[in-house]
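To start, the structure itself, in structure tokens.
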Amino acid sequence: MEFLVTIESTPSVFADRHIGARRQADIDTMLKAVGYDSVDSLVDTAVPASIRQSSPLQLQAALGEVEVLDALRVLSKKNIPAVQLIGQGYYSAVTPAVIRRNVLEAPAWYTAYTPYQPEISQGRLEALLNFQTMVSDLTALPIANASLLDEATAVAEAVLLMRRANKSKTAVNAKTVLDSDLLPQTIAVVMGRAEALGFEVEIADLSLGLPEGDINGIVLQQPGVSGRVFNHAQVIAAAKEKGALVTVAADLLALTLITPPGEQGADIAVGSAQRFGVPLFFGGPHAAYMAVRPGLERSLPGRIVGVSVDNTGLPAYRLALQTREQHIRREKATSNICTAQALLAIVASMYAVFHGPAGLKAIAETVHHHARTLAGALAASGVEVLHASFFDTVTVRVPGRAKALIGVAESRGINLRVIDADHVGISLDETTTADIVARVADVFGAAPAGDGDDHAGASFALATDTVRTSDFLTHPVFNSHRSETQILRYIRKLSDRDLALDRTMIPLGSCTMKLNATAEMEAISWPEFASIHPFAPDSQTEGWRLLIADLEADLCEITGYDQVSTQPNAGSQGELAGLLAIRGYHLSRGDAQRTVCLIPGSAHGTNAASAVLAGMKVVVVGTAADGSIDRADLDAKIETHKSQLSAIMITYPSTHGVFDADVTEVCDAVHAAGGQVYVDGANLNALVGLAQPGKFGGDVSHLNLHKTFCIPHGGGGPGVGPVAAKSHLAPFMPGDANATVGNGAGEPAASTGVPISGSRFGSAGVLPISWAYVKLMGGKGLTEATKSALLAANYIASRLNDYFPVLYTGAGDLVAHECILDLRELTSRTGVSAEDVAKRLIDYGFHAPTLSFPVVGTLMVEPTESEDLGEIDRFITAMISIRHEIDQIAAGEFTLADSPLHNAPHTAAAVINSAWDRGYTREQAAFPLDALRQDKYFPPVGRIDGATGDRNLVCSCPPLEAFEDPTESFEN
Ligand SMILES: *Cc1c(COP(=O)(O)O)cnc(C)c1O
């Protein structure tokens, strides 16, 4: 594709900023340690010649920061912001500036990793616990998770939860019933999932009662997509009478005024927290939520933050019930979701903390008031308003005139929802003013009654049996931060408790925690990008679509595939999309029996969980002694399952951090048996510019833009997991969930495949980050980044091998972009576990490497290209110092139980304590290296006991006394 914006490019220095080790002297130091005299000779040895790409990347020459921002400005101006009244699950919202700048745009929040190391994550864990409490209170269901991906996929997860949980004889194989007033994109996503798993879904108007036959579960929406607020009590009771479970998709803002699902007997509530301060973002990222009644918590997908205690008995937060997750349970997991939407959940929670219950209710009442005023005006002028009881959405019947009226509105800068030729939907929101109400009314030839005369809307009051009477958000945290000074300090206090990439390297293998450059982040909150509704007419979204098409084209060039879809909003979703494409392909060839998916035992847990969701049967392939795929086992499994073989999922370079030399032979063997090759591309940071999965044997891959392509991890999301495929799979790439309804988007969907999320481009809002990264680096810079990542990993492996043996190496004893440090021998000799080392690293100011994945008892280190030699050496020095501490235990200088390792991490309170009586000094506890004396990070809590918290699950804000924090004040 030709470049879209013509700007002269001058030589860019951005790669020098992005890559940490750029000075020749540093590179030489690293090369010397590894034993090579040039980066190229190291790379040529490490990367098998059989997979190397033959020519350099054909991308546009690198642009400078100023030029890239200019180009983004030009693209953004091709989007036309409008008054967005389309609704359908997406509403304009005000992001309070204090939250935008200090959370959404603050590196302390957006560069954090998923809180698997809870001692350095107490701030974001508290914010996520606030999110759970907010969801739980508003839905009146006690157990909420810390976010899901989007509303449509959250409903799909709820349907699957009901099918897992409802084991009664009549229900287990019975159909799932969706109310016809659900969001159309939700229905499309659920139908796609159901088709792959082979269960029946019926769509029915549940306001008329339940359909005939056995039912596994029903899904209702409150308010419905039509805007109607309907008392669900009766249909919920009838469903439960029949042994069905009940899910209600509910709007959190509406729930401040409307009876919550939990009070009506629902088992599950799901929905989107978008309108709590998160921009439209052309469809995402937005945090979806799910809450359940007691008894369903172990089936709940996604992460749950819970309260436990640390080693001194202090309350402390950590992720609870992780044994449900895919990284433990693999094909038996509750869901394949790994990366979710933590950052957006935190924004939504801060919005609730800032506004409080009264503020939220006031916002909801204003929205409702405007909607009633509009309905009153329209009805008074003879326009038929469909429902008498609604919250924010008015559906009108205008026989034969819908298209014309929407055209008029559009010409006046207002987007309304096309329902069909006769119906128009109008959804108001927090940004709606009386002037906007008047302008909308005028489109229909109506005029609102003057001020002080709301009686025109009087007949549109919420039905009394749907009005909420219970309190919500009564916890002090939602009632203590009304002034901007207070919220600013609260945000800062929480982020100061955490270690994110803005303070230290995060050497997490498989997670590629690299620089998220500020220039890359700049554009995401520009209104011309952020305020665009995903279902806005094409004429208003040209800039977005150009940017996305250009990024997709660049990703095709980088991966060697023919087609890319950015719709999947996490790696796990890309996996599912890719496997569904393979499934569609086999079905199209009459090969319905091809359902076996081979997965190496070392694969990421999402692989197995995704295969199950794609209706496949997982067969595990063994690992050889050197960490590569066991060829004999592979051949045997291929032979056994020959006629049923659907696919193999391989990660390349493997999760062992090594370039397997025979990957092309593995691909050939699978192809020869009629199978397809899925290459998990999460490790693409080791390949960009050097090798293309689409050229060395892959049929389809997902990439993690939140790893290799610089979208920040956000403390557990957002992510983007584009699926990339060869042309024979193109017809099965993700379709548009909204294509079947007249949405005004006009353009036909790019493919007829199963939709994988609710909006066509998924988490479009963060794509400018990856677009900017590719443009800033150019093909040469990207390739240099890959080489630097390989050099840095090999430098660490060489330097640490004598202290912690590197488990797997490939050609020339080299690793790829990460290395596994094996602690098992040390553990058996001294009792010091890999976890002890991970926790002790906190005392040295580091976030631990990946713990016990893919091999239990090991640490997997991935430095990325962004770390400079000084920071890498700081890490190496810490690890060597820790090794000496292990030796002190071996030498009997102190016992394991009384060692700095076992007692790590050390809080300030633990060290500054007159009763100190340990076998090692306080200095060794807190300042094991002199350099720590100046910039010391103290974790707010000591080692956390996860098991206690799981036995006694507390997953909403605990009473304040638990913490006795004098800085909190309760003003009510
Ligand atoms: C991160 C990762 C995934 C999952 O990606 P998410 O975005 O977290 O869903 C899958 N496979 C591998 C190898 C990974 O490292």
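The values are calculated or read from the model by the stated rules, or taken from the named source; none is laboratory data. As the structure is a computational prediction, the values presented were derived from the model and not from experiment. For neighbour counting, all protein chains shown are included, and Cβ atoms are generated from backbone atoms with ideal geometry for every residue, glycine included.
Per-residue answers, yes or no, for (1) assigned by TED's automatic domain parsing to the domain that holds Gly243; (2) part of a strand (DSSP E or B); (3) of a type outside the set (A, V, I, L, M, F, W, C); (4) modelled with pLDDT of 95 or more:
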| site | (1), (2), (3), (4) |
| --- | --- |
| Leu178 | yes, yes, no, yes |
| Met191 | yes, no, no, yes |
| Leu210 | yes, no, no, yes |
| Gly213 | yes, no, yes, yes |
Consider Gly271 carefully, then state whether it is within 27 Å of the chain's Cα centre (by Cα), closer than 29 Å to Asn79 by Cβ and not hydrophobic (A, V, I, L, M, F, W, C). yes
Give the residues of segment 96-130 that are in the same structural domain as Val270 (by TED's automatic domain parsing) and farther than 28 Å from Pro507 by Cα, sorted by residue number. Asn130
Among (1) crowded, with 23+ Cβ neighbours inside 10 Å; (2) within 16 Å of the ligand (Cβ to nearest atom); (3) outside the structural domain of Thr133 (by TED's automatic domain parsing), Val353 falls short only on (2)
For residues in segment 546-579 being within 16 Å of the ligand (Cβ to nearest atom) and over 22 Å from Asp150 (Cα atoms), which is surrounded by the fewest Cβ atoms within 10 Å (Cβ to Cβ)? Leu555
Residue within segment 383-390 that is more than 16 Å from the ligand (Cβ to nearest atom), outside any helix (DSSP H, G or I) and either without any contact (Cβ under 8 Å) to a residue 24 or more places away in the chain or within 30 Å of Ala682 (Cα to Cα) (or both) present: yes
Every residue from segment 299-328 that is in a loop (DSSP other than H, G, I, E, B) and either closer than 19 Å to Leu129 by Cα or in contact (Cβ under 8 Å) with a residue 12 or more places away in the chain (or both): Leu300, Pro301, Gly302, Arg303, Asn311, Thr312, Leu314, Leu321, Glu325
Of the residues in segment 676-688, those that are in contact with a strand residue (DSSP E or B) (Cβ under 9 Å, 6 or more places away or on another chain) and within 16 Å of the ligand (Cβ to nearest atom) number 9
Run down Ile524, Ile532, Ile582 and say which single residue is away from the ligand (no atom under 16 Å from the Cβ) and over 29 Å from Ala93 (Cβ atoms). Ile582
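Residue-by-condition table, conditions (1) over 28 Å from Ser565 (Cα atoms); (2) within 16 Å of the ligand (Cβ to nearest atom); (3) assigned to a loop (DSSP other than H, G, I, E, B):
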| site | (1), (2), (3) |
| --- | --- |
| Asp633 | yes, no, no |
| Ile650 | no, yes, no |
| Asp668 | no, no, no |
| His671 | no, no, no |
| Gly674 | no, no, yes |
| Gly715 | no, yes, yes |
Among the residues in segment 878-891, are any assigned to a loop (DSSP other than H, G, I, E, B), surrounded by 20 or more Cβ atoms within 10 Å (Cβ to Cβ) and either modelled with pLDDT of 95 or more or not basic (Lys, Arg) (or both)? no
Any idea which of Ala287, Ala291 is within 16 Å of the ligand (Cβ to nearest atom), hydrophobic (A, V, I, L, M, F, W, C) and in contact with a strand residue (DSSP E or B) (Cβ under 8 Å, 6 or more places away or on another chain)? Ala287
Of Arg439, Arg417, which residue is among the basic types (Lys, Arg), touching a residue at least 24 places away in the same chain (Cβ under 8 Å) and either surrounded by fewer than 18 Cβ atoms within 10 Å (Cβ to Cβ) or part of a loop (DSSP other than H, G, I, E, B) (or both)? Arg439
Filter result for Asp660 (assigned to a loop (DSSP other than H, G, I, E, B), over 30 Å from Thr752 (Cβ atoms) and within 16 Å of the ligand (Cβ to nearest atom)): yes
Note down all Cβ pairs under 9 Å where the first residue falls in segment 638-650 and is touching a residue at least 40 places away in the same chain (Cβ under 8 Å), the second is in a helix (DSSP H, G or I) and among the basic types (Lys, Arg), and they're at least six residues apart or on different chains. Leu645/Lys637; Ser646/Arg583; Ala647/Arg583
Unique residue being aliphatic (A, V, I, L, M), outside the structural domain of Ala691 (by TED's automatic domain parsing) and within 16 Å of the ligand (Cβ to nearest atom) when the list is Leu515, Leu508: Leu508
Looking for whichever is closer than 30 Å to Asn479 by Cβ and either in contact (Cβ under 8 Å) with a residue 60 or more places away in the chain or within 16 Å of the ligand (Cβ to nearest atom) (or both) here; the options are Glu331, Glu365. Which one fits? Glu365
Which condition from (1) in contact with a Cys (Cβ under 8 Å, 6 or more places away or on another chain); (2) surrounded by fewer than 24 Cβ atoms within 10 Å (Cβ to Cβ); (3) modelled with pLDDT of 95 or more is the one that His327 breaks? (3)
May I ask you to verify whether Leu859 is among the aliphatic types (A, V, I, L, M), touching a residue at least 24 places away in the same chain (Cβ under 8 Å) and assigned to a helix (DSSP H, G or I)? no
Restricting to segment 172-202, name every residue that is without any contact (Cβ under 8 Å) to a residue 24 or more places away in the chain and either surrounded by fewer than 21 Cβ atoms within 10 Å (Cβ to Cβ) or in contact with a Phe, Trp or Tyr (Cβ under 8 Å, 6 or more places away or on another chain) (or both). Met191
